[in-house]
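Presented below is the structure to which this report refers.
Please treat every number below as a calculation from the coordinates, not as lab data. Just so we're clear, the structure is a prediction, and the values are computed from it rather than from any experiment. Heads up, the Cβs are rebuilt from the backbone with ideal geometry, glycines too, and the neighbour counts pull from every protein chain shown.
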Number of protein chains: 2
Amino acid sequence: MKKMTESGSPFLFFFSFFCLLIHCLPVYSAKSPPPRFPSSLISPEDKISLSARQNQLYRTKYFTQVLDHFNYYPKSYESFQQRYLINDTFWGGAKSNAPIFVYTGNEGNIEWFAQNTGFLYETAPQFKALVIFIEHRFYGKSIPFGGKKDVAYSNSTTLGYLSSTQALADYASLIIDLKNNLTATDSPVVVFGGSYGGMLAAWFRLKYPHVTIGALASSSPILNFENITSPYSFNDIVTKDFRSESENCYKVIKGSWQQIEDTANQRGGLELLRKSFKICKNYISANDLEGWLRTAYIYTAMTDYPTPSNFLNPLPAYPVKQMCKAIDDPTTGNDTFAKLYGTATVYYNYSGTATCFDLNDNSDPHDLGGWQWQACTEMIMPASANNEESIFPPSEWQYKNRVSYCERAYGIEPRPHWITTEFGGHDIKRVLRRYGSNIIFFNGLRDPWSGGGVLNNISESIVAIVAKKGAHHVDLRFKTSEDPEWLEDVRKQEIKIIAKWISEYYHDLAHDQLS
Amino acid sequence: MKKMTESGSPFLFFFSFFCLLIHCLPVYSAKSPPPRFPSSLISPEDKISLSARQNQLYRTKYFTQVLDHFNYYPKSYESFQQRYLINDTFWGGAKSNAPIFVYTGNEGNIEWFAQNTGFLYETAPQFKALVIFIEHRFYGKSIPFGGKKDVAYSNSTTLGYLSSTQALADYASLIIDLKNNLTATDSPVVVFGGSYGGMLAAWFRLKYPHVTIGALASSSPILNFENITSPYSFNDIVTKDFRSESENCYKVIKGSWQQIEDTANQRGGLELLRKSFKICKNYISANDLEGWLRTAYIYTAMTDYPTPSNFLNPLPAYPVKQMCKAIDDPTTGNDTFAKLYGTATVYYNYSGTATCFDLNDNSDPHDLGGWQWQACTEMIMPASANNEESIFPPSEWQYKNRVSYCERAYGIEPRPHWITTEFGGHDIKRVLRRYGSNIIFFNGLRDPWSGGGVLNNISESIVAIVAKKGAHHVDLRFKTSEDPEWLEDVRKQEIKIIAKWISEYYHDLAHDQLS
């Protein structure tokens, strides 16, 4: 079987957080829910205040943001409208210096993150916190160049302003301005983020300690750069997830890639595959099918939540277990394709409304497309699949393939060393054990991204919370009545730490005001 | 007497560190000394190793630096040659992880700073440190756009890349690359800087703790932005300096501005002034003369060193005292202009070679001219003179005057809030008391810039060293046999603290290597 590489395979291309690009998001995902609290999940007391605000999670606002924070030529003075979502239902107000909880938006429509990050809303009442979700530049409605995505995304000259450092400076500028407008300059700000948003939250605390007192960085693989952590970790964890459910499940999937290719190479094989997987269109290739399945496995592993969810797609509780149930189902006997089809429907058709599937659907309901640019500039996170154990076909990360893709796509080269130059990562324990404070790194070990996360405490107040059974930023999701105890414990730990940050801040503030 | 404002007066314009722009640097300053150790100041042991290297302070090298670290459009990929000076005479080498001392260059030719920053060279032997001075982009020989200053300085489109954040990213990139090339990745880096270079050193520790283990920020007025400290502090300290020598000295200077203007307004008055101050050219104005004198007072206050020096100009020890001696000199009786001329010669003609003076000399031997751009973009440091006590005529800082100047000069507006947005400054004690580590803020209280400095300890390892009798980064200067005890003490304290940083680092390194 041929090795898959970035250049050789249309899928497997960019390991992004929520977007494998070619299969950026699969078809038939339910539409995003309206921006409302899941009413079953909130206390009666909260319900009252929420109903007074038409049950809304947030109001939408815009901030006039500078295009380029770091340079001063005339073009860099251009501005754009940056969207942010605000909920002041629970806020204790500026006079009491009540806290501000800020979600540092990541690579997508901010409403989508707000709807999937209940932790801020559910924790706000006890802290009387103002809740803000800030959209990342170049995503959602926060598009420079007149808000016109076709202009902003047209080429590298306009896309050039899409970078993590600009995004962090956006957050600093917006938060400072907002606090001034609210005359809330002494309100402590706590930042939160998941995934790339978690990286931004951690980096924001490291770069802007004067703007935030602490960061909860959930599932943020800040060590997934250069050679800091193993390039195999991502695929190894996906492998482990499936294997933990059943050895047979792992073996069937691992063996299936060869079977798909063998079948595709036989006369009539592609048609057989097309029918086996209910592919809508006539066209099918082994590569496309493999990518489609791989996407399902990866995202299911990432979102292997203990309760039913609808983040990327509607999914049952413990969806990896459900996939393996489909494979281990004795009624499908030795029919590998029927078994695989069973796994695919867990991810692509849990709602049961699909009658056929489109392998090459490029719809992007959560507006994740800008990640391709980020993956061509600074987000160079090596990911390989080892030869022996991997559930996926072996693959080796080749930087040169990324380069040639990016040169073709945008006419630019990545800067693979920039993230570690700007934000560090190497020897993080040595660097931060006597430096900085107030960061929580949460990781769930079933999350493939956890391999690049901070899994050990660095100092007394830069701490790791690790949940063996957790998936991708599960801690930040809305509570449900079925949440397992370990998840409740994680949130309790996080809240306790955040409470300590805020209480220390008030102590220091009172001390300063006396002196 | 009319109030002087930024727009109203050709001098007083930009309070920069070493450059009042219109009188950027006065005439007849001695040429920069050659880049050699002052041989009387080094130990016999050091002399040997130095003579082996032709007694040189440094070798000159260049690094290919990225033009724009934060954006990714094609132009931003351009590079330029950044100069750095290196001295490995004392270095213990990569194998023993011997330290690297880096001077974060400020707004001028880096050779000038290297020649006036003996502290690194003199401290290097005991730490077996490699010594590096990095030149700030757009100064000296580190000119983007092909090294052509006429192109780089031609307009805001090219000057736009001159900013503090770009400079810090330059330092990070260069240091990381240099360490890789020397296979010295585990060598601890300590950064040093004076004045704006001290601001950069402190900010570098705050923004790049993964690149440096600590910073000695000497005379760095990082609190001189917005309304963090009083806009009057600079002029108040100049006033206090002269007043501390003699009340008469202060009174004569304070009264002289009116006298100069009155004289200038009389028939033949300008000619009288021209002759009194030995002005070379026919043209003279009260404004120009006042600016010329003011420059002398300010720079003399800044460089009121306890030993003879030649930083901005050749000066005697305690030059403020010498100026006041000239004023209090009974032989000049009531002749104010003769007294003022006496002060001017202390600053402008200590070497005794000048026969007349040019008030409008714009020569810039230390290549400080780029500061004007920085003062029009991010370096907005308000400076006023109060009405009652100031030795200078009253003046009020008016931001709008800066704006209109910068619009005329470059067609751009300053961003007065950027520095505090990016680097903080407000409530610095509250922000950093539980965050960060390993910064020494040195200030000499006779230095007018000390009013914007950090004068109190922030935490156990972010500390202030304050020398009541100290001037602008006096601690960083080459030792002399006449140094007063307080200065020796300051340096001893600094060395002790730096030794602690390095020792802690080695402790942590050994711990990591064992684990």
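Where only DSSP H runs of four or more residues are counted, chain A gives -12000 deg cm²/dmol as its mean residue ellipticity at 222 nm, each run worth -39500 (n - 2.57). Across the protein assembly as shown, the fraction of Cα-Cα pairs farther apart than 52 Å, rounded to a whole number, is 27%.
Exposure proxy shown here: for A:HIS426, B:HIS472, the number of other Cβ atoms within 10 Å sets the order, fewest to most, as A:HIS426, B:HIS472. Taking the DSSP beta bridges in chain B as the whole, what percent of them are antiparallel, to the nearest 5? Of all bridge pairs located within chain B, approximately 40 percent are antiparallel.
About its Cα centre, the dipole of segment B:375-515 is roughly 140 debye, where the only charges are +1 on Lys and Arg Cβ and -1 on Asp and Glu Cβ.
Would you mind telling me the antiparallel percentage of the DSSP bridges in the protein assembly as shown, rounded to 5? Around 40 percent antiparallel, to the nearest 5. Temperature 37 °C, viscosity 0.692 mPa s: under these conditions the Stokes-Einstein estimate for chain A, based on its Kirkwood radius over C-alpha pairs, is 139 µm² per second. Residue exposure proxy: B:MET381, A:MET379, ordered by other Cβ atoms within 10 angstrom of their Cβ from fewest to most, comes out as B:MET381, A:MET379. Summary: within chain A, the longest segment free of GluC sites (Glu not before Pro) located in DSSP loops with at most 12 other C-beta atoms within 10 Å is A:1-387. Rounded, prolate or oblate: which fits segment A:386-511, taking a ≥ b ≥ c as square roots of the Cα gyration tensor eigenvalues, rounded meaning a/c under 1.5, else prolate when a/b beats b/c? Oblate shape, in that a/c is at least 1.5 and b/c is the bigger or equal ratio.
With contacts taken as Cα pairs under 8 Å at a separation of at least 6 residues, segment B:432-515 carries a relative contact order of 25 percent.
Placing +1 on each Lys and Arg Cβ and -1 on each Asp and Glu Cβ, with no other charges, gives segment B:229-349 a dipole about its Cα centre of roughly 220 debye.
Computed from the C-alpha gyration tensor, the three semi-axes of the ellipsoid equivalent to segment B:188-298 are 42, 16, 12 Å, from longest to shortest. For segment B:293-347, what class follows from the C-alpha gyration tensor (a ≥ b ≥ c being the square roots of its eigenvalues): rounded when a/c is under 1.5, otherwise prolate if a/b is larger than b/c, else oblate? Prolate is the answer for segment B:293-347, as a/c is 1.5 or above and a/b outweighs b/c.
Over 29 Å between Cα atoms, which of A:LYS128/B:LYS400; A:LYS95/A:LYS496; B:LYS339/B:LYS469; B:LYS469/B:LYS500 qualify? Exceeds cut-off: A:LYS128/B:LYS400. Normalised by the residues of segment B:307-443, what does the relative contact order come to in percent, with Cα pairs under 8 Å and at least six apart? Relative contact order for segment B:307-443 comes out at 15 percent.
Scaled against the 2.2 N^0.38 Å expected of a compact globular protein of N residues, the Cα radius of gyration of segment B:229-349 reads 1.05. Per-residue mean of foreign Cβ neighbours for B:418-430 is 5 (Cβ atoms of other chains, 10 Å radius).
All C-alpha pair distances within segment A:387-444, sorted into 10 Å bins from zero, spread as 16, 26, 30, 26, 2 percent across the bins. Each Lys and Arg adds +1 at its Cβ and each Asp and Glu adds -1 at its Cβ; summed about the Cα centre, chain A shows a dipole of about 380 debye. When chain A is described by a simple charge dipole with +1 on each Lys and Arg Cβ and -1 on each Asp and Glu Cβ, the residue from A:VAL131, A:SER351, A:TYR62 located farthest towards its positive end is A:TYR62. Neighbour counting of Cβ atoms within 10 Å sorts the residues B:ASP236, A:ASP364, B:ASP335, fewest neighbours leading, into B:ASP335, A:ASP364, B:ASP236. As a length-normalised measure over Cα pairs under 8 Å and 6 or more apart, the relative contact order of chain B settles at 21 percent. Direction-averaged projected area, Cα convex hull, segment B:131-203: 5.6 nm², rounded to one decimal. Among the residues of B:431-440, the average count of other protein chain beta-carbon atoms within 10 Å of the residue beta-carbon is 5.
Straight-line cross-link partners of A:LYS179 among the aspartates and glutamates, defined as a Cα under 17 Å from its Cα and at least 8 positions apart when in the same chain: A:ASP88, A:ASP170, B:GLU226, B:GLU422, B:ASP427.
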